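Heads up: the structure comes next, in structure tokens.
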Amino acid sequence: DHFQKLDFELEVAVVIGKKGRNITAAEADDYIAGYMVMNDMSARTLQMEEMLLNLGPAKGKDFSTVIGPWLVTPDELEQYKTDAKPGHTGNAYDLKMTCKVNGVEVSAGNMADMDWTFAEIIERCAYGADILPGDVIGSGTVGTGCFLELNGTGLLNDPNFKPQWLQDGDVVEMEVTGLGHLSNTIKKADTD
């Protein structure tokens, strides 16, 4: 039933390299072991059912979050470093991000467009809680980084727009400058 509205999410993820708690954004980049491409796939029908009360945490999906193809350490991204947005703290990187479905580009953006830096995200995650080596933290989608957003914009601009969702056999390819190319084929699993 996840195929009713199965979605991709074009993201970058960080992997935490050392334990910390109540970390400030000014020091948080030191806790990042590396960066990866992340497809935090979503079952939108399930998600919308869970979000009716706007309370959390809520049941999410546990069938697929795709990361890889490798872990890239911060020093390997030095050449792409750029300034964080005004008023924000932490490292930012000029990394082009794209997603293709069945060879057709459906999403493009840049990691430098993140409103919140990973340092600020880590500060929030570590507020009153431990972060541990191996923890994976996603960025959230790049603008237009999922069919939910693309379908919403398409319907706003054209009432005859036909929404698109991932189907059995679709090939989802994500590429992020400096982080590599991640390709996965969607396969339906039979269940009773």
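The values are calculated or read from the model by the stated rules, or taken from the named source; none is laboratory data. Treat the numbers as computed from the prediction; the structure is a model and nothing was measured. Note: ideal-geometry Cβ built from the backbone for every residue, glycine included; neighbour counts use all protein chains shown. What goes into the accessible areas is simple: the full protein's heavy atoms, side chains included, and nothing from ligands, DNA or RNA. Shrake-Rupley method; radii C 1.70, N 1.55, O 1.52, S 1.80 Å.
Is it the case, given these coordinates, that LYS188 is touching an Asp or Glu at 6+ places or on another chain (Cβ under 6 Å) and over 30 Å from GLY34 (Cβ atoms)?
Working: touching an Asp or Glu at 6+ places or on another chain (Cβ under 6 Å): yes; over 30 Å from GLY34 (Cβ atoms): yes.
When the stated conditions are applied, LYS188 passes them.
Looking only at the stretch 169-192, which residues are touching a Phe, Trp or Tyr at 6+ places or on another chain (Cβ under 7 Å) and among the charged types (D, E, K, R)?
To start, the set of residues in the stretch 169-192 that are touching a Phe, Trp or Tyr at 6+ places or on another chain (Cβ under 7 Å) comprises 172, 177-180, 188.
The one that is touching a Phe, Trp or Tyr at 6+ places or on another chain (Cβ under 7 Å) and among the charged types (D, E, K, R): LYS188.
Hey, does the stretch 101-116 have a residue that's assigned to a loop (DSSP other than H, G, I, E, B), at pLDDT 95 or above and open to solvent by less than 90 Å² (accessible area, probe 1.4 Å)?
Checked against the condition, which is being assigned to a loop (DSSP other than H, G, I, E, B), at pLDDT 95 or above and open to solvent by less than 90 Å² (accessible area, probe 1.4 Å), the stretch 101-116 yields at least one hit.
Name, by its number, the condition in (1) surrounded by 17 or more Cβ atoms within 10 Å (Cβ to Cβ); (2) free of Cβ contacts under 8 Å to residues at least 12 places away in the same chain that does not hold for GLY152.
(1)
Regarding the stretch 137-151, can at least one residue be identified that is over 19 Å from ALA43 (Cβ atoms) and touching a Lys or Arg at 6+ places or on another chain (Cβ under 6 Å)? Can you show your working first?
We begin by selecting, within the stretch 137-151, every residue over 19 Å from ALA43 (Cβ atoms); these are 137, 139, 142-144.
Next, from what is left, pick out any that are touching a Lys or Arg at 6+ places or on another chain (Cβ under 6 Å): none.
No, the stretch 137-151 has no match at all.
Which ones in the stretch 117-129 are open to solvent by 70 Å² or more (accessible area, probe 1.4 Å) and outside any loop (DSSP other than H, G, I, E, B)? Don't jump to the end; show me each part of the working.
Filtering the stretch 117-129 for residues open to solvent by 70 Å² or more (accessible area, probe 1.4 Å) gives 123-124, 127.
Hits for the stretch 117-129 are GLU123, ARG124.
Taking ALA84 as meeting all but one of (1) farther than 19 Å from GLU175 by Cβ; (2) free of Cβ contacts under 8 Å to residues at least 40 places away in the same chain; (3) out of contact with any Ser or Thr (no Cβ under 6 Å at 6 or more places or on another chain), write down the number of the exception.
(3)
Could you please find all residues in the stretch 87-100 being of a type outside the set (Lys, Arg), open to solvent by 80 Å² or more (accessible area, probe 1.4 Å) and more than 26 Å from ARG21 (Cα to Cα)? Reasoning before the result, please.
So in the stretch 87-100, the residues of a type outside the set (Lys, Arg) come out as 87-95, 97-99.
Now narrow it down to the ones that are open to solvent by 80 Å² or more (accessible area, probe 1.4 Å): 87, 94.
Scanning the stretch 87-100 gives a single hit, ASP94.
Can you pull out the residues in the stretch 16-60 that are among the hydroxyl-bearing types (Ser, Thr, Tyr) and modelled with pLDDT under 80? It would help to see each step written out before you state the result.
Here is the first cut: in the stretch 16-60, the ones among the hydroxyl-bearing types (Ser, Thr, Tyr) are 24, 31, 35, 42, 45.
THR45, the sole residue that qualifies.
Of the numbered conditions (1) in contact (Cβ under 8 Å) with a residue 60 or more places away in the chain; (2) under 18 Å from MET36 (Cα atoms); (3) not charged (D, E, K, R), ALA112 fails exactly one; give the number of that condition.
Against the list (1) in contact (Cβ under 8 Å) with a residue 60 or more places away in the chain; (2) under 18 Å from MET36 (Cα atoms); (3) not charged (D, E, K, R), ALA112 comes up short only on (1).
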